[in-house]
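What follows is a short report on a single structure.
The values are calculated or read from the model by the stated rules, or taken from the named source; none is laboratory data. The structure presented is a predicted model; accordingly, all values stated were derived computationally and were not measured. Backbone-built Cβ (ideal geometry, glycine too); neighbour counts: all protein chains shown. Note: accessible area is taken over every heavy atom of the protein model, side chains too, but ligands, DNA and RNA are not part of it. Shrake-Rupley method; radii C 1.70, N 1.55, O 1.52, S 1.80 Å.
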2 protein chains.
Amino acid sequence: MAIVRFTRQRQAVLEAVQQSTEHPDAAKIFDEVRHVVASISLGTVYRSLEALVAEGHLLQIQQPGMPTRYDARLENHAHFVCDSCGEVFDVLTKLPDVTPLAAQALEGFDVNSARVEFHGQCKRCRQN
Amino acid sequence: MAIVRFTRQRQAVLEAVQQSTEHPDAAKIFDEVRHVVASISLGTVYRSLEALVAEGHLLQIQQPGMPTRYDARLENHAHFVCDSCGEVFDVLTKLPDVTPLAAQALEGFDVNSARVEFHGQCKRCRQN
DNA sequence: GTGGTTGCAAAGGCTTTGCAGGCAC
DNA sequence: GTGCCTGCAAAGCCTTTGCAACCAC
C-alpha cells in the first residue's frame, strides 16, 4: 500500500468540498479548486476525490442520472433529495438506529451501517 | 402526454426484471430479454426501463461506480448493499417510518418518502 | 392511418487511465 | 533518490439520441 501524500492539490480538493454549502460534484469542485491551484486538472480532482473517500474524509452521494456528489460532513446524517431540482439537503435530526433490525433479518450478514435518504420537493421548488 | 403502448419489447423487459432474483442492470436485462425478443436492441431496453420507471412499475437503485440497477418489488422495502461484491439484497423486515421526523426538521419541504439502505458484507463475502 | 416505438449507430456525459515529467518525503 | 502524484489527452463505460422503418391502437 502506498503512503498517501498531502499535496497542495489534494488539500485544496478537500477544502473545496468542506467549504461548499451544497454537495458538489467533481466538475463543481474542479471549478472551485482552480481558484486555488490554477494548474490542476480534472483528472487530478477525480483521483484526489477517490483517495479522500478511501481515507474516509469524504462521502459519496449518488442519484440516478446525476453525477456523483461529495459530502464532507462525516457525522452520521441523512439526506433529503429534491425530486424536482435534484438538490441535496442535510437532515441533521437524530433518527432511530435501524441497523439492528436489518442485522436480525439478514442472518450471517455483517451489517455495519445504514443510510437514510428522503425524497420529495424542496421549499423553493414547492413555491414554483 | 403520450399514450403508452404495451409492446412485446416493453413487456419482455418488465418480465425480465420481475423474474430476476437479483437486481439486474440494463446489460443483464438485455441479455435476458434477447432470449424472448431476439431482435431487441440495448437502446430499446433503456427506453423501456425509463418508461417503466416513469409509470411506477420499476424502481431504480444506484450505487457509486456501478450501473443503475432495477427492482420490480414495489412494496416499500430497504436494501442491503455488500461493500465487497456490490450485490444488492432485499430487506423485507418492517422498519419504523422516519418520514415525519424529517418533515419536522425540514420546514416548508414536502417530504413524501424515505429510502433506507444498509451496508456491510454479505454472507458469502464474509466467508472468504 | 397516426403517432408512439423500434433497431441501428453515432454521440454524449461522466469518469478512468497511460504516460512522461514533477515533487513530497 | 524513490516512487507517488500530476497534467494532459485519449480511452472507457454507461446511457441517451437522431433517424427512418415499423407496428399497436
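Taking every residue in the stretch B:5-30 that is within 14 Å of chain A (Cβ to nearest Cβ) and pairing it with any residue that is open to solvent by less than 60 Å² (accessible area, probe 1.4 Å) and within 14 Å of DNA strand C (Cβ to nearest atom), at least 6 positions away or on another chain, the pairs with Cβ-Cβ distances below 8 Å are B:25/B:68; B:26/B:45; B:26/B:49; B:26/B:68. Against the test of being open to solvent by 50 Å² or more (accessible area, probe 1.4 Å), within 13 Å of the chain's Cα centre (by Cα) and closer than 27 Å to residue A:124 by Cα, the options A:92, A:74 yield a single qualifying residue, A:74.
Among the residues that make up the stretch A:31-49, is at least one of them under 13 Å from the mean Cα position of the chain (by Cα), away from DNA strand C (no atom under 11 Å from the Cβ) and within 13 Å of chain B (Cβ to nearest Cβ)? No - not one qualifying residue is present in the stretch A:31-49.
Which one of B:96, B:67 is more than 10 Å from DNA strand C (Cβ to nearest atom), within 14 Å of chain A (Cβ to nearest Cβ), outside any helix (DSSP H, G or I) and touching an Asp or Glu at 6+ places or on another chain (Cβ under 9 Å)?
Among B:96, B:67, only B:67 is more than 10 Å from DNA strand C (Cβ to nearest atom), within 14 Å of chain A (Cβ to nearest Cβ), outside any helix (DSSP H, G or I) and touching an Asp or Glu at 6+ places or on another chain (Cβ under 9 Å).
Does at least one position in the stretch B:79-88 carry a residue that is touching a residue at least 40 places away in the same chain (Cβ under 8 Å), open to solvent by less than 50 Å² (accessible area, probe 1.4 Å), within 16 Å of DNA strand C (Cβ to nearest atom) and in contact with a strand residue (DSSP E or B) (Cβ under 7 Å, 6 or more places away or on another chain)? No, that holds for no residue.
Would you be able to say whether some residue in the stretch B:1-15 is under 30 Å from residue A:53 (Cβ atoms) and within 12 Å of DNA strand C (Cβ to nearest atom)?
Initial filter on the stretch B:1-15 (under 30 Å from residue A:53 (Cβ atoms)): none.
No, there is no match, as no residue in the stretch B:1-15 is under 30 Å from residue A:53 (Cβ atoms) and within 12 Å of DNA strand C (Cβ to nearest atom).
Got a number for residues in the stretch B:103-126 being more than 7 Å from chain A (Cβ to nearest Cβ) and in contact with a helix residue (DSSP H, G or I) (Cβ under 9 Å, 6 or more places away or on another chain)? Residues in the stretch B:103-126 being more than 7 Å from chain A (Cβ to nearest Cβ) and in contact with a helix residue (DSSP H, G or I) (Cβ under 9 Å, 6 or more places away or on another chain): 1 in total.
When you look at residue A:97, is it away from DNA strand D (no atom under 16 Å from the Cβ), at pLDDT 90 or above and among the charged types (D, E, K, R), yes or no? It would help to see each step written out before you state the result.
Working: away from DNA strand D (no atom under 16 Å from the Cβ): yes; at pLDDT 90 or above: yes; among the charged types (D, E, K, R): yes.
Against the criterion (away from DNA strand D (no atom under 16 Å from the Cβ), at pLDDT 90 or above and among the charged types (D, E, K, R)), residue A:97 qualifies.
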